[in-house]
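Let me begin by presenting the structure, written as structure tokens, before commenting on it.
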Amino acid sequence: MTEVATSVVRTRAELRAALGSAPRPVGLIPTMGWLHDGHRALMQRARAENATTVVSIFVNPRQFGDPKDLEQYPRDEPRDLAIAEAEGIDIVFAPGVEEVYPPGSDTTVRVGAIGATLEGAARPGHFDGVATVVAILFDLVGAERAYFGQKDAQQVLVVRQMARDLAIATTVIACPTIREPDGLAMSSRNVHLNAAERAAAPVLHRALLAARDAWAGGERSGYALRDVMQARLATEPLSRVDYVSVADAATLRELDRVDGPALLSLAVRFGTTRLIDNEPLG
Ligand code: AMP
């Protein structure tokens, strides 16, 4: 079997031309690059389920509130292209900012209640930026399916809601979180952790598992489960908690009691690096 080389396209016109003759169905994996095994898992799933796979690599300025955060986001395109090639990806779409947002671009997707809590509350405008770029990518690629990581659980809900509300036919598929052996969820941002912070960071997963164990043992109070996470996070002096949450899995409203499917989630800072993680219940 001969592998066809990955084609790298940078403009809307090149993307259209590359997709014109591509066999269907098409699977899209939107990323911001600095690819790791979490992204690879999405690529492998997309390859298994589609005739053509498209990875987009675009650090989307509209989803960053802090210009310094945008500037410091890690980038290594040659390495990313090698990974996409090794995973047998057919097309990499790596546009510049003006290709995604041409001069004069003046429309934003405004996300409703599903984007107002948790990451949306901590990062105002973040999900509007995500929904806007994903709507553009969905339209440009016209994929049958798009693959997202459960690691960004609220993002999955936001994107699904956006696709439903804007009548975009792409099906949103959520894939499990891929972790380092010590439990830390893989993330492009992990590269910013210094050695001591990296050693402390698995406490996020330990806090989630402690709350999950309490739930499995019959604890149903949202307050008690939040306390379990806070207590575990407090064992790491380098951690500064942004939020811990026990929320309804569909609406992300905070729960007093867990009586159905729920989502444990948290955001924690180590120095200047902010990490998030989550664990579904039920
Ligand atoms: P990013 O490049 O960080 O925007 O991520 C691109 C996609 O990969 C998003 O759908 C993320 O949720 C997903 N992703 C990032 N990290 C992981 C991980 N550790 N496991 C699974 N999916 C991930």
Highest-MSF residue in the chain out of LEU166, LEU264, LEU233 [GNM, Cα springs under 10 Å]: LEU166
For the stretch 167-209, the Cα-Cα pair-distance distribution in 10 Å bins from 0, as whole percents, is 23, 43, 17, 14, 3
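If we sort 130-137, 17-24 on the protection proxy, mean other Cβ atoms within 10 Å, highest first, what's the order?
Values: 130-137: 23.4, 17-24: 12.6.
Those peptides, ordered most packed to least, come out 130-137, 17-24.
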For the chain, with +1 on Lys and Arg beta carbons and -1 on Asp and Glu, the positive-most of MET43, ALA207, PRO176 along the dipole: ALA207
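So for the stretch 188-250, Kirkwood radius off the Cα pairs, Stokes-Einstein at 4 °C and 1.567 mPa s: how many µm² s⁻¹?
Values: Rh = 12.6 Å.
So the translational diffusion coefficient is about 103 µm²/s.
For the stretch 88-236, with only Lys/Arg (+1) and Asp/Glu (-1) charged at the beta-carbon, what is the dipole magnitude about the Cα centre, in debye rounded to 20? Mind showing how you got there, number by number?
Numbers: 14 positive and 17 negative charges, 110 e Å.
Charge dipole, the stretch 88-236, about its Cα centre: 520 debye, nearest 20.
Within the chain, what's the longest stretch lacking trypsin sites (Lys or Arg not before Pro) that sit in DSSP loops with no more than 16 other Cβ atoms inside 10 Å?
Working: sites that count: ARG10, ARG75, ARG110, ARG220, ARG253.
The segment 111-219 is the longest one with no such site.
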Among the helices of the chain (complete DSSP H runs), which have Cα atoms covering no less than 20 Å along the helix axis and a Kyte-Doolittle mean of at least -1.0? 126-141
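How long are the three semi-axes of the equivalent ellipsoid of the chain, in whole Å, if each is the root of 5 times an eigenvalue of the C-alpha gyration tensor, listed from largest down?
33, 20, 19
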Quick shape summary for the stretch 142-247, equivalent ellipsoid via Cα gyration tensor, semi-axes whole Å in descending order, reads 30, 19, 12
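Coordinate-derived values only; no laboratory data. For clarity, every value in this text was computed on a predicted model and none was experimentally measured. Positions of Cβ are backbone-derived with ideal geometry, glycine not excepted, and every protein chain shown enters the neighbour counts.
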